Amino acid sequence: MMEKRDKGIGGGAAANSPLPLMGQNEEGNAAAVRTAEPIARLVPMALCVSALVIMLKNSQTNDFGSLSYSDLGAFRYLVHANGICAGYSLLSAIIAAMSRPCTMPQAWTFFFLDQVLTYLILAAGSVSMEVLYLARNGDVAITWSAACGSFGGFCYKATASVIITFVAVACYAVLSLLSSYKLFSKFDAPIAYPGKNIEVAAFQA
């Protein structure tokens, strides 16, 4: 009778153990991240392509002359940066959508490239915004006259492209947080052993 009672207590404790529930929660979180990541990577791709197309088609000719995005280095940089980011977003979305375990090199690569692309597109948007400010207000000190009064259509399209670019910057910031969470929730930081020039990255079970 005592043995049966002990077994019953042990079985009840095992059934009420929170460990299986914790494992299910972790698997659910991983599945949610795996599903959301490809979508989150496709959104900035669409934004970058939109900003790229608007700027590529941005040119105006009137009685004052002609003006195109290619006449300004900042806008050319914006086009190139959006093209690079769109290509990277598409490639990374395809890789993230593959149903296979994420390896440590892949996690570190996504983490590093997400940071680089975020700063790349941020720099492109910031430089272009400065040029737009000068085009709208001018600067007497450097003899830069306001051009938007004469080329209003050009400035409107350039403004739309820059605004979309900054929305893409916000998406890349979210991607950077997502890739950092994915990396540091699965893998430990490199461990430095004293007296040895060896760093080992441990995998959390």
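Could you give log10 I(q)/I(0) at q = 0.24, 0.25 Å⁻¹ for the range 93-134, computed by the Debye formula over C-alpha point scatterers of equal weight, without solvent? Calculated log10 I(q)/I(0) at the listed q: -0.81, -0.85.
Only loop residues by DSSP count here, and only those with at most 13 other Cβ atoms within 10 Å; note down the chymotrypsin sites (Phe, Trp or Tyr not before Pro) in the range 34-119 that meet that.
Values: sites: Phe64, Tyr69, Phe75, Tyr77, Tyr88, Trp108, Phe110, Phe111, Phe112, Tyr119; in loops: Phe64.
Listed in order of number, the matching sites are Phe64.
Surface listing: Ser66, Ser180 arranged by accessible area from highest to lowest gives Ser66, Ser180, probe 1.4 Å. Each residue of the range 60-67 was assigned a 3J(HN,Hα) from its phi angle through the Karplus curve 6.51 cos²θ - 1.76 cosθ + 1.60 (θ = phi - 60°); the sequence is 8, 10, 8, 5, 8, x, 10, 9 Hz, with glycine and proline shown as x.
Measuring only protein heavy atoms, the 1.4 Å probe finds Thr103 accessible over about 70 Å².
The values are calculated or read from the model by the stated rules, or taken from the named source; none is laboratory data. Only a predicted model underlies this, so the values are computations on that prediction, with no experimental measurement involved. In this analysis, Cβ positions are derived from the backbone assuming ideal geometry, glycine residues included, and neighbour counts consider all displayed protein chains. For accessibility, only protein heavy atoms count, side chains too; no ligands or nucleic acids. Shrake-Rupley method; radii C 1.70, N 1.55, O 1.52, S 1.80 Å.
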